[in-house]
Amino acid sequence: MEPMAYISAAICAVTMTVASWGVTKIWTTIITTVGRNPQVKKDVDIYGWAGFAAVEAIALYALVIALVMLTGGSN
């Protein structure tokens, strides 16, 4: 296997790490917001789930790309 495949997979792993930081940031912001003003829970909740889904999708795309690179793609 070519060394560039491993380097590319490592870059994808960094992307997944940043995505996990993003998910953490979203949830801590929601918890802080609802803790300060409990009446906005319903308003904030939908945006939190949408943000979580978007960031998590990026991490899953990076995982799929890393796996394709490591398995050799269509060779």
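On inspection, ILE46 fails the criterion of being modelled with pLDDT of 85 or more, surrounded by 11 or more Cβ atoms within 10 Å (Cβ to Cβ) and either among the hydrophobic types (A, V, I, L, M, F, W, C) or outside any helix (DSSP H, G or I) (or both).
Within segment 1-30, the residues that satisfy the criterion of being surrounded by fewer than 12 Cβ atoms within 10 Å (Cβ to Cβ) and closer than 18 Å to ALA50 by Cα are TRP21, THR24, THR28. Filtered by the rule that a residue be free of Cβ contacts under 8 Å to residues at least 12 places away in the same chain and either assigned to a helix (DSSP H, G or I) or in contact with a Cys (Cβ under 6 Å, 6 or more places away or on another chain) (or both), segment 1-28 gives PRO3, MET4, ILE7, ALA10, ILE11, VAL14, THR17, VAL18, TRP21, THR24, LYS25, THR28.
The values are calculated or read from the model by the stated rules, or taken from the named source; none is laboratory data. Bear in mind the structure is a predicted one, so any value in this text is a computation, not a measurement. Note that we place each Cβ from the backbone using ideal geometry, even for glycine, and neighbour counts take in every protein chain shown.
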